[in-house]
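The values are calculated or read from the model by the stated rules, or taken from the named source; none is laboratory data. The shown structure was predicted, so the numbers you read here are calculated from the model rather than taken from an experiment. Every residue, glycine among them, receives a Cβ derived from its backbone with ideal geometry; neighbour counts consider all protein chains shown. We work out accessible area using only protein heavy atoms, side chains counted, and drop any ligands, DNA or RNA first. Shrake-Rupley method; radii C 1.70, N 1.55, O 1.52, S 1.80 Å.
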Amino acid sequence: MEWMFMPIRRYAEFGGRSRRMEYWMWVLFQFLLSIVFFILMFAVGGAAILAVGDDPTAAIAAGGAIIVVYLLMLLVSLALFIPGLAVTVRRLHDTNRTGWWILAPLGGYILAFLGAGMESTAISLVGLLAAFAGAIAVLVFMFLDGTSGPNQYGEDPKSRGTADTFA
């Protein structure tokens, strides 16, 4: 549980490094939180429909209840955006890469958008493929082990020294 909440404690700390455990536990935390919100939306909406029965206002009440839960989920997502971005940048730092890699898919999306504006299916397709390749590259970086010992972004979060063991 400690690993799941570490990015919240380091809320907007973009410097330094983060271990794989911290990153993937954060991803798991966000996934579980989204499941809880979707279950809550279905429960609240279903309860509102069942409570009133065939009354047409039941659909309005259910829709209103679902919108309230959705807005709450949106607020929580906005609050967790910065720590998610920060832990991703720190994870990239741990693999000795700049945090700007997080924008790798963006160039492909821009190219796809420009291709759509020019009504060019080929340019749009190339842009989407480039965005997909950038997203896959960032995902692979998240799975890689961090640099052993200190790097340009800070000390090793696993505290692996570069000293020889039997020296």
| message | Using just the Cα positions, wrap the chain in a convex hull and report its mean projected area in square nanometres, one decimal place. | response | 14.6 nm²
| request: Among 42, 149, 128, flag the residue with its Cα farthest along the positive direction of the charge dipole of the chain, charges on Cβ as +1 for Lys/Arg and -1 for Asp/Glu. | output: 149
| task | In debye, nearest 20, what is the charge dipole magnitude of the range 53-167 about its Cα centre with +1 on Lys and Arg Cβ and -1 on Asp and Glu Cβ, if you could check? | result | 320 debye
| task | Return the ratio Rg/(2.2 N^0.38 Å) for the range 69-126, where Rg is computed over Cα atoms only. | result | 1.59
| task | Inverting the mean 1/r over all pairs of different Cα atoms, compute the Kirkwood radius of the range 69-167 and quote it in Å. | result | 16.1 Å
| field | the chain, accessible surface, carbon-and-sulfur percent (1.4 angstrom probe) | value | 74 percent
| task | Would you calculate, for the chain, the mean residue ellipticity at 222 nm contributed by helices, counting each DSSP H stretch of 4 or more residues as -39,500 (n - 2.57) and dividing by all residues, to the nearest 500? | result | -24500 deg cm²/dmol
| said: How tilted is helix 104-117 with respect to the longest principal axis of the chain? Cα atoms for both, answer in degrees (0 to 90, nearest 10). | reply: 50 degrees
| Under Karplus coefficients 6.51, -1.76 and 1.60, residue-wise ³J(HN,Hα) of the range 120-134 in Hz, glycine/proline x | 10, 5, 5, 5, 4, 5, 4, x, 5, 5, 5, 5, 5, 5, x
| Solvent-accessible area per residue, Å², over the chain with all protein chains present [probe radius 1.4 Å] | 62 Å²
